[in-house]
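Since every read-out is calculated from the coordinates, none of them should be taken as a lab result. None of the values given here were measured: they were computed from a predicted structure. Here Cβ is always computed from backbone atoms with ideal geometry, including for glycine, and neighbour counts include all displayed protein chains.
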Amino acid sequence: MKNATFRIVPLATEVAEAARARARERAPDHAILTVNQPEGFPCRHCLRWAQPGERVILFPHASIPAGRPYAESGPIFVHETACDRYDRTEEYPADFRKHRVLRAYNATSDMIDAVLLGETEPEPVIARLLDNPETKFIQVRSADRGCYTFGIERA
Ligand SMILES: [Zn+2]
């Protein structure tokens, strides 16, 4: 479903590449794991579930940079080897339509709203969050563990 109001923001390729380099250096905060279930390891770069047998890097990512009250760093996965950055940025990624929470942030990165995606489709929730002129960006996270999945900006 295409739209004209929002843009999906996957993890920057530079961040994924830096994580791969750190993993090759065996940095202790960059673990390499072999995926063992079909919907447990979301790659933040291609925005797909990494599939059983594929290898991913688990590392900490500052989804909200330091220096503000809502500053936050948490664990995310990317494929261990190069993958294509998600590029259908006008479409909500099909793999993550359920079991997510959408958090809205203002221009100073303070969280101002949050909506749990239950059986609700994500597009109307995004539209409602963006109806608030204070909303500067949205973060999509896993509903149970709270891990950052991807960002959404106004188109
Ligand atoms: Zn990937």
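Would you kindly derive the ³J(HN,Hα) couplings of region 27-44 from the backbone phi angles with the Karplus curve 6.51 cos²θ - 1.76 cosθ + 1.60 (θ = phi - 60°), listing them in order in whole Hz, with x for Gly and Pro?
4, x, 9, 10, 8, 9, 10, 9, 5, 10, 8, x, 9, x, 9, x, 7, 7
Tilt of helix 13-24 relative to the longest C-alpha principal axis of the chain, in degrees (0 to 90, nearest 10)?
The two axes meet at around 30 degrees.
At what distance in nm do the modelled label points of Arg85 and Asp113 sit from each other, each positioned 7 Å from its Cα along Cα→Cβ?
Here the answer is 2.8 nm between the modelled labels.
Using only Cα atoms, tell me the angle between helix 122-131 and the longest principal axis of the chain; keep it within 0 to 90° and round to the nearest 10.
Compared with the principal axis, the helix lies near 50 degrees.
Just want the answer: with Cβ charges of +1 for Lys and Arg and -1 for Asp and Glu, which residue in Asn106, Cys147, Pro133 is farthest toward the dipole's positive end in region 100-155?
Value computed over the given set: Cys147.
Hand me the GluC sites (Glu not before Pro) from region 72-155 located in a DSSP loop with no more than 12 other Cβ atoms within 10 Å, in residue order please.
Of the GluC sites (Glu not before Pro), the ones in loops of region 72-155 whose Cβ has at most 12 other Cβ atoms within 10 Å are Glu119, Glu134.
Give me the dipole magnitude in Debye, nearest 20, for region 80-155 about the Cα centre, with unit charges on the beta carbon: positive for Lys and Arg, negative for Asp and Glu.
180 debye
Taking H placed 1.01 Å from N in the peptide plane, check which residues at least 5 places from Arg100 or on another chain put their amide H under 5 Å from its amide H.
Sorted by chain and number, the residues that satisfy this are Leu117, Ala143.
Considering only DSSP states other than H, G, I, E and B, which GluC sites (Glu not before Pro) in region 2-61 qualify as loop sites with at most 11 other Cβ atoms within 10 Å?
Filter output for region 2-61: Glu25.
With labels modelled as points extended 7 Å from the Cα through the Cβ direction, what inter-label distance (nm, one decimal) is found for Ala4 paired with Arg145?
In this crude spin-label approximation the distance works out to 3.9 nm.
Which chymotrypsin sites (Phe, Trp or Tyr not before Pro) in region 1-96 sit in a loop by DSSP (not H, G, I, E or B) and have at most 16 other Cβ atoms within 10 Å of their own Cβ?
Answer by residue number: Tyr70.
Between Arg154 and Ala31, what is the FRET efficiency for a Förster distance of 30 Å, r being their Cβ-Cβ separation, to the nearest 0.05?
E between Arg154 and Ala31, to the nearest 0.05, is 0.30.
What number, rounded to the nearest 500 deg cm²/dmol, is the helix-based mean residue ellipticity at 222 nm of the chain, given -39500 (n - 2.57) per DSSP H run of at least four residues and division by all its residues?
Mean residue ellipticity, 222 nm, calculated: -4500 deg cm²/dmol.
Based on the Cα gyration tensor of the chain, what are the three equivalent ellipsoid semi-axes, each the root of five times an eigenvalue, rounded to whole Å and given largest first?
Semi-axes from the Cα gyration tensor: 26, 18, 14 Å.
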